[in-house]
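Below is one structure; the comments refer to it alone.
The values are calculated or read from the model by the stated rules, or taken from the named source; none is laboratory data. Just so it is clear, the structure is predicted and the values come from calculations on it, not from any experiment. For neighbour counting, all protein chains shown are included, and Cβ atoms are generated from backbone atoms with ideal geometry for every residue, glycine included. When the accessible area is computed, the model is the full protein with side chains, heavy atoms only, and any ligands, DNA or RNA have been set aside. Shrake-Rupley method; radii C 1.70, N 1.55, O 1.52, S 1.80 Å.
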Amino acid sequence: MSVRLTDGDQAYLAGDHGPSAQSAMRIVVRLADTMEAEGLLDITGAHIDSCLYHGPAVLDFADWLADGGAQVAVPTTLNVSSLDLLHPDLYRGDPDWAVQARRLMERYEEMGCRPTWTCAPYQLDIRPSFGEQIAWAESNAIVFANSVLGARTHRYGDFIDICAAICGRAPAAGLHLDENRRGTLLVSLEGLGDDLLDRDVFYPVLGYLVGQTAGHDVPVIDGLPPSVGEDRLKALGAAAASAGSVGLFHAVGSTPEAPTVEAAFQGVEPERVVVVSTAELRVARDALSTTGDSRLGTVSLGTPHYSVAEISRLVELLDGRSVHPDVSFYVSTGRDVLAEVGLRGWEEPLRSAGVTFVTDTCTYITPILAETSRPAMTDSGKWAYYAPGNLGVEVVFGSVEDCVSSAVAGEVVRDDGIWGDG
């Protein structure tokens, strides 16, 4: 074994913290060895994706850990599950599956994890700061933590996430290290119109294009307006992480490690340069739709989970109007955000207008949609990317303005003028 271990690490391996913690440390060390890490590093927190039920093996692993007395060693949040515990009547799946999913959720709570049930833990009251070492799973959370917060996590997946949380340690490798956070791909937006750059819908489309282009590169995006807001960066990162393997991007003038192009590349010349054209963006936009059918059965917003600001925008757009009776309108969000929305007096008016709130899970994962024979519309690049394969539903991608107008009209309505379709 080539990984340098501390006395504390050796104590875990010796079983001093119990059999489950011993096994968890073995897994973390084997991963570190595979990543050619010289040692392990302390983490200050974790975010767990393993709590999402995919079948018996997922629950078996949680049972094995919890039955052995495992407890997380650092503050640990939980990703979306397979159930909406606040609105259980929305579930349309196999009852036995739901029982197992609920049991999985309970097991992670028993291990000391915080029952947050959100894919956007960066919207919680406490989140990691710049430079903090963490072990996060869930692709959009990873890319947001690395890029927007400047915290440091590698792309951790199921089982590794909870093992790191139990040990409080992670491999000193990958995106935890300075040298691996250096930009390698320059994405230039030179020549794009200001009107396009100032639209929310631009960001998931750009993210999809970046994800398709970047491969394993760390992209540096130059040409965005200064100080782009978190919701737009969230949409960009989520789409990039879905369409590709992006775990970190730098947006010059907006993300903390990219005050300048030179800083983002750590003084090294980029390995590749890509100049984005409006024509390429139109191709990326069109790739997020699977149909041109104007019929509409569903609108689904909130992948990643909608923020308070995004729900505020929804209130403005509906402006007293109601969703067409033939359309189901879902907004996925975290239970903490929904509680704030209720305190602001927005929840009941939105429900009265025909909006259904979904918490604890997401509509592209859990069988919630009431209608799948007619197309679904979304403003999320991530939802558009995954829903056709997961749900077998045709998808129309558009701006949140398009989604609301379509929901009210009962058919797809899109304004694509900003893309220069001519």
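Screening the stretch 330-372 for residues that are under 12 Å from SER307 (Cα atoms) and of a type in the set (A, V, I, L, M, F, W, C) and picking the one that is surrounded by the fewest Cβ atoms within 10 Å (Cβ to Cβ) gives ALA339. For the stretch 191-214, a residue qualifies if it is without any contact (Cβ under 8 Å) to a residue 60 or more places away in the chain and either closer than 20 Å to GLY244 by Cβ or touching a His at 6+ places or on another chain (Cβ under 7 Å) (or both), and the qualifying residues are TYR203, VAL210, GLY211, ALA214. A residue that is closer than 21 Å to GLU179 by Cβ and over 23 Å from the mean Cα position of the chain (by Cα) can be found somewhere in the stretch 3-14.
Considered as a group, the residues in the stretch 109-157 that are over 22 Å from ALA251 (Cβ atoms) and among the small types (Gly, Ala, Ser) include one that is modelled with the lowest pLDDT, and that residue is GLY157. Please go through the stretch 221-256 and give me each residue that is closer than 12 Å to GLY150 by Cα and open to solvent by 40 Å² or more (accessible area, probe 1.4 Å), ordered by number. Once the filter is applied, which keeps residues that are closer than 12 Å to GLY150 by Cα and open to solvent by 40 Å² or more (accessible area, probe 1.4 Å), the stretch 221-256 yields only PRO256. Just checking, does the stretch 357-368 include any residue being outside any helix (DSSP H, G or I) and farther than 15 Å from LEU301 by Cα? There is at least one residue in the stretch 357-368 that is outside any helix (DSSP H, G or I) and farther than 15 Å from LEU301 by Cα.
Of note, MET35 does not satisfy the criterion of being in contact with a helix residue (DSSP H, G or I) (Cβ under 8 Å, 6 or more places away or on another chain), open to solvent by less than 30 Å² (accessible area, probe 1.4 Å), farther than 25 Å from THR356 by Cβ and at pLDDT 95 or above.
Could you grab me the full set of residues in the stretch 86-109 that are in contact (Cβ under 8 Å) with a residue 40 or more places away in the chain and either among the aromatic types (Phe, Trp, Tyr) or surrounded by 15 or more Cβ atoms within 10 Å (Cβ to Cβ) (or both)?
Hits for the stretch 86-109 are HIS87, LEU90, TYR91, TRP97, GLN100, ALA101, LEU104, MET105, ARG107, TYR108.
Which of the numbered conditions does ASP198 fail, given that it passes all the others? Conditions: (1) of a type outside the set (Val, Ile, Thr); (2) in contact with a strand residue (DSSP E or B) (Cβ under 9 Å, 6 or more places away or on another chain); (3) open to solvent by 20 Å² or more (accessible area, probe 1.4 Å). For ASP198, the failing item is (2). If you go through the stretch 387-403 and keep only what is surrounded by fewer than 24 Cβ atoms within 10 Å (Cβ to Cβ), within 21 Å of ARG414 (Cβ to Cβ) and not hydrophobic (A, V, I, L, M, F, W, C), you end up with PRO388, GLU394, SER399, GLU401, ASP402. Scanning the stretch 122-147 for residues that are in contact with a Gly (Cβ under 7 Å, 6 or more places away or on another chain) and touching a residue at least 40 places away in the same chain (Cβ under 8 Å) returns GLN123, PRO128, PHE130, ILE134, ALA137, ASN140, ILE142, VAL143, PHE144, ASN146, SER147.
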